[in-house]
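Since every read-out is calculated from the coordinates, none of them should be taken as a lab result. As the structure is a computational prediction, the values presented were derived from the model and not from experiment. Neighbour counts run over all protein chains shown; Cβ positions are idealised from the backbone, glycine included.
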Amino acid sequence: MSYSLSFTKSILVVIFISDKIKQGQFEFLSTAMISKFLSIPKPTLVKILQNLNTANIIETKEGKQGGIRLMKKPSEITVLDILEAMEKNKPLFQTSFNILAEGKRPNNAQKSIKNLLTGAENQLKNELSKKTIEELLVEMSS
């Protein structure tokens, strides 16, 4: 398996930002606050925020009143959006076999495995595309 822990943490970051702003507590959240409350080291958080910013999920503002907030409504951000921002089309499964065996059976075995794993990853992405940050916020309030 290849997806990073930063992907999982980035979901928490987006939920945290969304929840605090939705509650009317903040217009922008500081990186220090996010780092502290989510126990994410600042260098890791900076990388997460850069990826989310590049994907236009969050925006940043410099200065005393600055910080981070969402660029889209929570109902417009799917977990797949966050995955794509963090993993940049990196495959979940590595399928470079580099085996010495050659011939029809070994080639078919590799093809079958690759098709199975690609299909599983596509199903995962399909499920992640169905879940929005808004839905996660509702679930956590239940």
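Please determine whether any residue of the stretch 107-118 is under 30 Å from Asp19 (Cα atoms) and either touching a strand residue (DSSP E or B) at 6+ places or on another chain (Cβ under 6 Å) or surrounded by 15 or more Cβ atoms within 10 Å (Cβ to Cβ) (or both).
Let us first name the residues in the stretch 107-118 that are under 30 Å from Asp19 (Cα atoms), namely none.
Looking through the stretch 107-118, none of the residues is under 30 Å from Asp19 (Cα atoms) and either touching a strand residue (DSSP E or B) at 6+ places or on another chain (Cβ under 6 Å) or surrounded by 15 or more Cβ atoms within 10 Å (Cβ to Cβ) (or both).
The helices (runs of 4 or more DSSP H) falling completely within the stretch 64-142 that include 3 or more residues that are more than 14 Å from the chain's Cα centre (by Cα), within 30 Å of Met33 (Cβ to Cβ) and of a type outside the set (Val, Ile, Thr) map to 133-141. Here Ser35 fulfils each of the conditions (1) in a helix (DSSP H, G or I); (2) farther than 30 Å from Ile21 by Cα; (3) free of Cβ contacts under 8 Å to residues at least 24 places away in the same chain apart from (2). For beta carbons closer than 7 Å, sequence separation of 6+ or different chains, a first residue in the stretch 118-142 that is touching a residue at least 24 places away in the same chain (Cβ under 8 Å) and of a type in the set (D, E, K, R) and a second that is loosely packed, with under 15 Cβ neighbours inside 10 Å and not in a loop (DSSP other than H, G, I, E, B), the qualifying pairs are Glu134/Ser75.
When Lys20, Lys9, Lys47 are checked against the criterion of being surrounded by 13 or more Cβ atoms within 10 Å (Cβ to Cβ) and in contact with a strand residue (DSSP E or B) (Cβ under 7 Å, 6 or more places away or on another chain), a single residue qualifies: Lys20.
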